[in-house]
Amino acid sequence: MKTQTWSQSITVPDPPIVVNLFGNTRWAWLWLAARLYVGYTWLTSGWGKLSNPGWVKTGEVLQGFWLRAVAIPEAPGRPLISFDWYRAFIQALLDSESYTWFAKAIVAGEIFVGIALILGLFTGIAAFFGGFMNWNFMMAGSASVNPMLFTLSVLVILAWKTAGWLGLDRWLLPLLGTPWKPGKLFEK
């Protein structure tokens, strides 16, 4: 009997349903629905903040959210932020008054992620940044729709090859390529 060592390369095949669901353009309509839902949610969230000076001028809305998130309740119960390292991170942002510029970054991020997902433009990257924002909101104690959006974002990331098929990625990805395979614009 032959034994395997750690230095040997072994390819573990994916289940056919996973290959089909995440890599077959037949399922592009499913990823279109997920993309449009998540993208619309991000776009409307960011767009709604644009007219609020507490977001785009002073950042006081974000400051208030962070202040509530780092507060440790006096009554028995759990604080909004469960991890001390994340509380320290948010407290450092508060101490440096980063909410003044960070609020603008959140608004811009929400709008750009929303537009990119709706258009199917760099879908996997847009879903990653949307999911990253959801993760941060959840870490700061805001459940709301964030767990659902995070889950959908992870699924869209996994389906990045076909999630933008019914969008601009259908033409853009073959032109630009990926880091491991240059597209038509970069071929010799």
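Please treat every number below as a calculation from the coordinates, not as lab data. Keep in mind the model is a prediction, meaning the values are calculated, not measured. Cβ sites come from the backbone with ideal geometry, for glycine too, and all protein chains shown count toward neighbours.
Numbers below:
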quantity	calculated
Mean ellipticity per residue at 222 nm, deg cm²/dmol - from DSSP H runs of n ≥ 4 across the chain, formula -39500 (n - 2.57)	-20000 deg cm²/dmol
Spherically averaged projected area of segment 3-70 from its Cα convex hull (nm²)	10.2 nm²
Length released on extending from Leu168 to Leu36, taking residue separation times 0.36 nm less the Cα-Cα span	46.2 nm
Where chymotrypsin sites (Phe, Trp or Tyr not before Pro) fall in DSSP loop in segment 1-48, at most 16 other Cβ within 10 Å	Trp6
Kirkwood hydrodynamic radius of segment 113-157, Cα pairs, Å	10.3 Å
Whole-angstrom gap from segment 106-170 to segment 5-24, using each part's C-alpha centre	25 Å
Correct option for Cα extents along the principal axes in Å [calculated from the coordinates] among (1) 62, 49, 32; (2) 81, 61, 31; (3) 71, 66, 36	(1)
Rough spin-label spacing in nm, given labels placed 7 Å along Cα→Cβ, for Ala88 and Asn24	4.9 nm
Efficiency of FRET from Cβ geometry, Lys184 and Ile17, R₀ 22 Å, rounded to 0.05	0.10
